[in-house]
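A short write-up of the structure that comes next.
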Amino acid sequence: MRKTLGWLLSLVVLIGTMGAAGFTAQAATAAGPSAATDIKDEILAIPGMSLIEEKPYPGYRFFVLNYEQPVDHRNPSKGTFKQRLTLLHKDVSRPTVFYTSGYNVNTNPRRSEPTTIVDGNQVSLEYRFFTPSRPDPANWANLDIWQAASDQHRIFTALKKIYNKNWLATGGSKGGMTATYYERYYPRDMDGVVAYVAPNDVVNKEDSAYDRFFTKVGTKECRDKLNAVQREALVRREPLEAKYTAAAAQNGWTFTTVGNLDKAYEAVVLDYVWAFWQYSLLADCASIPAAATASDQEIWNSIDTISGFSAYADQGLEMYTPYYYQAGTQLGSPDIKQPHLAGLSRYGYQPPRSFVPRDIPMTFQPGVMANVDNWVKHNANQMLFVYGQNDPWGAEPFHLGYGVRDSYVMIAPGANHGANVAKLQEGEKALATQKILQWAGVAPAAALADAGRATPLAKPDATLDQKDQEREPQLRP
């Protein structure tokens, strides 16, 4: 929807032929639906939309909803499934932000950064095949980025009739990828896209960018410290796997999908350095133990805190099966060298196939990511990509080439996978805020004239604005 809509509202007072009451009635009619119409009734009047629950929140209405979607958008006769979404309703006169995490949807009121900046409504969508938004029976061939983009398109088309002001798409990590893919397949829907820390694995077998990243991120002192702990965890494999066996028994962890406890243990250990830079800051290096003098328990605690020993148990993998399936069929996944582990690693970086049950068939589709990358590089229009300087996923970012219009790539200095507009350098922060307001159609005149005067329109809210960042191993963006 790349059109600048100019609305000319002319209020003509016909003196002598229209009284004040008549004028008021005419103005109310021009404004749209009656104020007496409850927004919940309007939403539930949409065919296929149903209410799960409404949760009160001051200044908003918050709904948890189901929307009936085709299992296969190319062949709707193959059946439907219910896809969960939430709606944080501010006012139909405000812009709307379409937020995607790429995973499950949070069913508590939350507000993304663009929603705060534009003081708008927010629609948040659960990605297809993440339970409970999964067809039954599940034909995994219907889990791809085009089908997911088509889910968004149908919801946008339905809700646009109610929320008819500007729309922005946003999301972080896999959610940022999702917002980008949506723009690629349905470029006329949104008025702007803000994609945070979105990886762009164009050629799945070429991952040298990650290897280069890990030779220069942070400081040499911190890199050496992390590498030493990771190496020591493999040197002490036997006593630490004994701890892992005990923890598995205590927590009921099993390892059918990955194969055995040894493979799971090594996968967790090989996550360690990546996960540190994904979630931590350079200053956090002070908390890493000195490997040479650390006890087994200290090594265990550090690995568990940063990587998480539950991650590759069946119970940890099950929730993320849809992600690993996509990584192994379209999205791609990193395969870094880690030369400091030479002679100690038995399996190397295990591919996504290792983390998906064997009864789910997987075939990688080369060229899908290259198609998106090429489209963004030459067709991006009103798109903003934000990355963290010290985030491993930013080693393969989206780039902009000739033909793009009003689009930007910005890097937050020293930031990790939680990079956002607020963490950018002042000049870029001001420009990004200005553009988000402009794309949403709510930029004050002062902000349009001077980006330095662009600020978020909504007041901060500690509950709404908190970031629910899930613990994700390095293979999950």
Report task. In whole Hz, with x marking every Gly and Pro, tabulate ³J(HN,Hα) for region 363-373 from phi via Karplus 6.51 cos²θ - 1.76 cosθ + 1.60, θ = phi - 60°. Result -> 9, 6, 10, x, x, 5, 5, 4, 5, 5, 4
Query raised in the report: In whole percent, what relative contact order does the chain give with Cα contacts below 8 Å and a gap of six or more residues?
Result: 16 percent
Report task. Using a 1.4 angstrom probe, figure out how much accessible area the chain has per residue, in square angstrom, rounded to the nearest whole. Result -> 44 Å²
**Report entry** region 117-239, accessible surface, carbon-and-sulfur percent (1.4 angstrom probe)
**Finding:** 50 percent
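Are any of the pairs K55/K161; K82/K429; K90/K467; K435/K467 more than 27 Å apart by Cα-Cα distance, and if so, which?
Working: K55/K161 23 Å; K82/K429 39 Å; K90/K467 20 Å; K435/K467 22 Å.
Table pairs above 27 Å Cα-Cα are K82/K429.
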Query raised in the report: Using 7 Å Cα-to-Cβ label points, what is the W375/D359 separation (nm, one decimal)?
Result: 3.4 nm
Report task. Would you please name the trypsin sites (Lys or Arg not before Pro) within region 44-80 that are DSSP coil residues with at most 12 other C-beta atoms within 10 Å of their C-beta? Result -> R74
Requested in this report: Normalise the Cα radius of gyration of the chain by 2.2 N^0.38 Å (N = residues in it) and let me know the number.
Outcome: 1.07
Query raised in the report: Considering only Y182, N416, S333, whose Cα is most displaced toward the positive end of the charge dipole of the chain, charges sitting on Cβ of Lys, Arg (+1) and Asp, Glu (-1)?
Result: Y182
Requested in this report: Would you mind putting 437-444, 423-430, 177-184 in packing order, based on average other-beta-carbon counts within 10 Å, highest first?
Outcome: 177-184, 437-444, 423-430
Query raised in the report: With a ≥ b ≥ c the root eigenvalues of the C-alpha gyration tensor of region 395-447, is it rounded (a/c under 1.5), prolate (a/b larger than b/c) or oblate?
Result: oblate
**Report entry** Other-chain or far-sequence residues with amide H under 5 Å of F255's (modelled H)
**Finding:** D314
Query raised in the report: Can you give the angle from 0 to 90° between the axis of helix 174-185 and the longest principal axis of the chain, with both taken from C-alpha atoms, to the nearest 10?
Result: 50 degrees
Requested in this report: Among M319, S354, S302, pick out the residue whose Cα is farthest towards the positive end of the charge dipole of region 271-366, where Lys and Arg carry +1 and Asp and Glu carry -1 on C-beta, about the Cα centre.
Outcome: S354
Query raised in the report: What does the charge dipole of the chain about its Cα centre add up to, to the nearest 20 debye, if the Cβ of each Lys and Arg holds +1 and the Cβ of each Asp and Glu holds -1?
Result: 940 debye
Query raised in the report: To the nearest 10 degrees, how steep is helix 20-31 against the longest Cα principal axis of the chain, on a 0 to 90 scale?
Result: 30 degrees
Requested in this report: Please report, as a whole percent, how much of the solvent-accessible surface of region 344-477 comes from carbon and sulfur atoms (probe radius 1.4 Å).
Outcome: 52 percent
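The values are calculated or read from the model by the stated rules, or taken from the named source; none is laboratory data. Fair warning: this is a prediction, and the values are worked out from it, not measured in the lab. Counting neighbours? That spans all protein chains shown, and the Cβs are built from the backbone with ideal geometry, glycine included. SASA here: full protein model, heavy atoms, side chains in, ligands and nucleic acids out. Shrake-Rupley method; radii C 1.70, N 1.55, O 1.52, S 1.80 Å.
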